[in-house]
Amino acid sequence: MNGAEKPIDPEKEKCKIKSVRRMKDIMTRYYIDAKTAGQTGKKVAWITSGGPVEPLIAMDVIPVYPENHGAMIGAAKMGADLCAKAEEMGYAGDLCSYARADIACATVDGGPIGGLPRPDMLVCCNNICGTVLKWYEVQARYFKVPLFILDTPFNHTEYTPEAHAYVRAQLDEYIVFLETHCKKTFDHDRLVEVGRLSMAGQRLWQQVLDTTVHRPAPMSAFDAFFHLALIVTLRGTRTVVDYYAELLDEMKTRVATGIAAVPGERYRLLWDNLPVWYRTRWLSEKFAAHGACLVADTYTSSWCGTLKYLDENDFLGSMAQGYSRVYINIGTDQMADMVVDMVDKYSADGLVIHSNRSCKPYSLGQYDIRRIVRQKRAIPSLVIEADMTDARSFSESQVETRIDAFMEVLKSNH
């Protein structure tokens, strides 16, 4: 054995999720297909993470997600440099780090995959935030390509018939936009099939996430952050359905054989907000050292949280409601109720809140949510102040001190 090599730990090897390799292969092929689209005659559309991707799939357009790329930039620890470059270009440091990293990346073909493939069109839906509107306008001007904006009203308390009619009419405009720029007629029959695959993929993803109701949990939220990529990027394809069916089988096997994400699991925690992409491993190991497993999170579950609003028999019509009622496009009281339900469902002992400098819509009501959860379920919570991509907003010593103090509280409660 080479002196620099570490001996393989059999226990750690047993805990590894085997599907990871297949997931990486799928994502590699996906990006190769997107980068060679010009050679195969396909078109590429950049689309926001909460945008209606199914019509793109039905038109054989390859969807590419700058936010997913932002997560990759963060995980590759390239976020700080790219965000700094955007600031040198004149963009404020208070802007979303995904936006800053993407805008800077486009000018230098930077990032872990040498930049995203050039878009033929952009599709922006503001159900996740308002920043995407200006971000996608900037990129549409930079690449000189058409931009479609789907405007979803904020659902403070309810989803009204007027809101439905407004969004539903825009979906018809979206189809006309795609027909115009793809130069072919929209295939409504194909959309029906894509819609069924989309819903099947979302159901399977929810089932994967639900395996963590078991003690010990077979996977953690940190694993879910990784495996989420497919339901975001390729929703509506057979690839997603097949992959999550395999991942679900693996999780069921781990449950049956007692393989735990955190060996010796003692505490079960719920995570709120996006991951801290450049520190996922460190955070995972830090919590695991205390016997704590983050068994669920509000972020990965948002890609199946609107299933109840979708209808296989009228997928196009139901998309208006499904895409309008995503987790961060609803009122704080509704979000708090969902967090309380997750605390109950996953038997969470505590709540970990990532107060994310970048994502204002996600972070704005967190202290109210924390108060409501404490009132209704009397569980302690921890607030970690950071940023999802820009490592300059992360203080390891401060976060470590807070985690240690929080775990002491949890231990005293048990």
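Taking amide H positions as placed 1.01 Å from N in the peptide plane, with prolines and chain starts having none, which residues 5 or more places from SER355, or on another chain, fall under 5 Å of its amide H?
Here the answer is ILE384, GLU385, ALA386, since their amide H atoms fall under 5 Å of that of SER355.
Within the chain, what is the longest stretch that has no GluC sites (Glu not before Pro) placed in a DSSP loop and near at most 14 other beta-carbon atoms within 10 Å?
Details: sites that count: GLU5, GLU158.
Here the longest run is 159-414.
Arrange the following residues from fewest to most other Cβ atoms within 10 Å of their Cβ: TYR367, TYR278, TYR91, TYR98.
TYR367, TYR91, TYR278, TYR98
Can you run phi through the Karplus equation (6.51, -1.76, 1.60; θ = phi - 60°) for segment 14-31 and list ³J(HN,Hα) in whole Hz, with x for Gly and Pro?
5, 7, 5, 7, 5, 5, 4, 4, 5, 4, 4, 5, 4, 5, 5, 4, 4, 5
Quick check: from the Cα gyration tensor, does segment 60-197 come out rounded (a/c under 1.5), prolate or oblate?
prolate
Along segment 63-80, what does the Karplus equation 6.51 cos²θ - 1.76 cosθ + 1.60 (θ = phi - 60°) give for ³J(HN,Hα), rounded to whole Hz, x for Gly and Pro?
x, 10, 10, x, 5, 5, 5, x, 5, 5, 4, x, 5, 7, 6, 9, x, 4
How charged is the neighbourhood of LEU82? Take every other residue with its Cβ under 12 Å from the Cβ of LEU82, and add Lys/Arg as +1 and Asp/Glu as -1.
Net of charged neighbours comes to -2.
Whole-Hz Karplus ³J(HN,Hα) for segment 394-409, in order, using 6.51 cos²θ - 1.76 cosθ + 1.60 and θ = phi - 60°, x for Gly and Pro?
Values per residue, Gly and Pro as x: 10, 10, 4, 5, 5, 5, 4, 4, 5, 4, 4, 5, 4, 5, 4, 4 Hz.
Which residue fluctuates most in the GNM of the chain (Cα springs below 10 Å): LEU307, LEU230, LEU82?
Residue with maximal mean-square fluctuation among LEU307, LEU230, LEU82: LEU307.
Under 22 Å between C-alpha atoms is the cut-off here; go through segment 14-186 and count lysine pairs that meet it, provided they're at least eight residues apart or on different chains.
Within segment 14-186, the lysine pair count is 19.
Run the dipole for segment 14-186 about the Cα centre, Lys and Arg Cβ at +1, Asp and Glu Cβ at -1, nothing else charged, and hand back the magnitude in debye, nearest 20.
I would put it at about 1040 debye.
Going highest first, how would you order 357-365, 104-112 by mean Cβ packing within 10 Å?
Ranked from most to least packed, the peptides come out as 357-365, 104-112.
For segment 117-201, just say rounded, prolate or oblate: build the C-alpha gyration tensor, square-root its eigenvalues into a ≥ b ≥ c, call rounded for a/c under 1.5, and beyond that prolate if a/b exceeds b/c, oblate if not.
oblate
Pick out, from LEU410, VAL240, GLN39, the residue whose Cα sits farthest towards the positive end of the charge dipole of the chain, with +1 on the Cβ of Lys and Arg and -1 on the Cβ of Asp and Glu.
Looking along the dipole axis, the top candidate is LEU410.
Rounded, prolate or oblate, given the Cα gyration tensor of segment 136-178, with a/c below 1.5 counting as rounded?
Details: a/c = 6.55, a/b = 1.89, b/c = 3.47.
Oblate is the answer for segment 136-178, as a/c is 1.5 or above yet b/c matches or exceeds a/b.
Using modelled amide H (1.01 Å from N, peptide plane; none on Pro or chain starts), what sits under 5 Å from the amide H of MET121, excluding residues fewer than 5 places away?
Counting only residues 5 or more places away or on other chains, the set is VAL44, TRP46.
Which entry in (i) 132; (ii) 231; (iii) 152 is this structure's computed volume of the Cα convex hull per residue in Å³?
Evaluating volume of the Cα convex hull per residue in Å³ on these atoms matches (iii).
Bear in mind that the values in this text are calculations on the coordinates, not laboratory data. The shown structure was predicted, so the numbers you read here are calculated from the model rather than taken from an experiment. Glycine also receives a Cβ, built like all others from the backbone with ideal geometry; neighbour counts cover every protein chain displayed.
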